[in-house]
Number of protein chains: 2
Amino acid sequence: MKIPEATIRRLSTYIRVLATLEKKSIEVVSSGELSNLCGFNSAQIRKDLAYFGEMGVRGVGYYVSDLKREIEHILGLDRKWNVVLFGVGNLGHALISYNGFRRSGFYIRTAYDIDPNKLSNLPAEIDTTSDSNELKEIINDHGIRIGIIAVPPESAQSAANMLISAGITGILNFTPLRLKVPDTVRVKYVDFTIEFETLAFYLSKN
Amino acid sequence: MKIPEATIRRLSTYIRVLATLEKKSIEVVSSGELSNLCGFNSAQIRKDLAYFGEMGVRGVGYYVSDLKREIEHILGLDRKWNVVLFGVGNLGHALISYNGFRRSGFYIRTAYDIDPNKLSNLPAEIDTTSDSNELKEIINDHGIRIGIIAVPPESAQSAANMLISAGITGILNFTPLRLKVPDTVRVKYVDFTIEFETLAFYLSKN
């Protein structure tokens with residue numbers, strides 16, 4: 001069964017909302033409440049969760065911790081993911097200091113920059129290198145499969161090639177460049193400009 | 001007619017691809033070629049563009065520059081948008097040095113941080129302030145309507161409140177916190193973690 005990517009993305013939002021409820025020691029949430037908190041309608045939520053079997057209890061709602069654990073399992077978040085960061089400019093630094101990743105089990109283990117000066121002052125738990133062969137070894141040794149590309153767009157394709165040849169199969173690309181990659185590699189684009197342009201569309205209608 | 005947000009987001013991708021073709025002096029693109037370059041199928045592209053009237057020429061394809069200009073007009077990108085940046089940490093600095101915004105007509109005009117030390121060394125064209133009243137005046141004087149929130153999550157709601165009271169109607173929120181805002185204000189979330197978690201889902205299936 002092919003699960004739509006939009007469903008996968010919403011699962012990610014459900015987890016965040018459920019984690020907040022869990023922190024407040026709330027044990028049960030109705031699909032109506034879940035809908036209010038996530039901003040998706042209840043029918044959508046039921047449909048999303050139905051892909052994975054019966055997750056709610058009729059007349060009660062959802063058990064917060066159970067549902068969260070189940071979704072985490074579905075998304076593969078019940079394990080730790082080591083990540084390599086390719087490019088350590090301002091954005092790279094911001095990503096390193098961003099706590100949200102770790103909360104979800106993603107750890108930047110390794111940072112590469114062609115300029116060794118950019119690699120000073122990084123947290124001690126991050127292996128750093130400016131040598132592409134050493135980068136490959138580190139990726140292999142740690143079994144890293146996810147890479148972040150945070151270089152200027154003109155260097156993004158060569159960054160991707162280097163990562164893929166080292167065994168990376170999932171790429172988070174922060175540049176607008178569409179990458180050419182083999183079918184076995186999955187690329188997600190983080191493009192702030194799209195968010196800006198979507199905003200502009202709505203603001204220019206008023 | 002309500003245009004789906006997914007369509008608006010794809011328009012943003014079409015522009016980027018068309019800009020690349022324009023740079024290479026390519027005048028006409030078939031919907032098949034456009035499909036290859038964007039990664040969306042031709043039926044989807046035709047459907048998206050059909051929302052805005054007849055944009056292609058049967059048997060020829062699309063005129064690159066005309067289509068690009070038309071989409072820019074639709075998205076409200078044929079004008080300049082001034083933007084205020086709320087929070088100047090690593091992420092704020094990365095956003096200031098990110099060229100993609102300016103290419104699309106978005107200019108960070110003003111930067112606020114509660115800590116004045118963070119405001120040194122910013123480009124001269126950016127007005128800076130650590131004073132919330134002054135921030136309001138600057139937003140008013142420049143007619144700024146878009147704000148970026150790049151503070152820690154726990155400060156995001158108060159940042160939003162301050163921006164909205166100053167007249168901001170579009171917010172790009174880089175924190176995972178779901179903001180409570182009036183119906184007249186539109187919020188877009190940039191959440192890297194969702195991209196990571198979507199990647200994890202696909203990687204854990206292999």
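The values are calculated or read from the model by the stated rules, or taken from the named source; none is laboratory data. Computed from a prediction, not measured in an experiment: that's the story for all the values here. Cβ atoms come from the backbone with ideal geometry, glycine included; neighbour counts cover every protein chain shown. The protein model used for the area step is the full one, side chains on, heavy atoms only, and it has no ligands, DNA or RNA in it. Shrake-Rupley method; radii C 1.70, N 1.55, O 1.52, S 1.80 Å.
Take the conditions (1) closer than 30 Å to A:Glu5 by Cβ; (2) in contact with a Lys or Arg (Cβ under 9 Å, 6 or more places away or on another chain); B:His93 misses just one of them, which is (1). Scanning the stretch A:133-174 for residues that are polar (S, T, N, Q) and under 20 Å from A:Phe106 (Cα atoms), we see that the one that is nearest to the chain's Cα centre (by Cα) is A:Asn173.
Restricting attention to the stretch B:1-40 and to residues that are among the acidic types (Asp, Glu) and touching a residue at least 12 places away in the same chain (Cβ under 8 Å), the residue that is nearest to the other protein chains (Cβ to nearest Cβ) turns out to be B:Glu33.
Of all residues in the stretch A:79-105, those being in contact with a Gly (Cβ under 8 Å, 6 or more places away or on another chain) and within 14 Å of chain B (Cβ to nearest Cβ) number 9. Taken over the stretch A:3-27, residues that are surrounded by 15 or more Cβ atoms within 10 Å (Cβ to Cβ) and more than 19 Å from the chain's Cα centre (by Cα) amount to 2. Of the residues making up the stretch B:61-69, one or more are more than 14 Å from chain A (Cβ to nearest Cβ), at positive phi and either within 21 Å of the chain's Cα centre (by Cα) or not aliphatic (A, V, I, L, M) (or both). Restricting the stretch B:37-49 to residues that are more than 16 Å from B:Arg69 (Cα to Cα), at pLDDT 80 or above and not charged (D, E, K, R) leaves a set whose member that is surrounded by the most Cβ atoms within 10 Å (Cβ to Cβ) is B:Ile45. The number of residues in the stretch B:88-146 that are over 30 Å from B:Val17 (Cβ atoms) and among the basic types (Lys, Arg) comes to 2. Looking across A:Ile164, A:Ile146, one residue alone is open to solvent by less than 10 Å² (accessible area, probe 1.4 Å), modelled with pLDDT of 90 or more, closer than 21 Å to B:Lys205 by Cβ and in the same structural domain as A:Gly89 (by TED's automatic domain parsing). It is A:Ile146.
Can you name the residue in the stretch A:87-107 that is out of contact with any Ser or Thr (no Cβ under 9 Å at 6 or more places or on another chain) and open to solvent by less than 70 Å² (accessible area, probe 1.4 Å) and is also nearest to B:Glu197 (Cα to Cα) among such residues? Out of the qualifying residues, it is A:Gly105.
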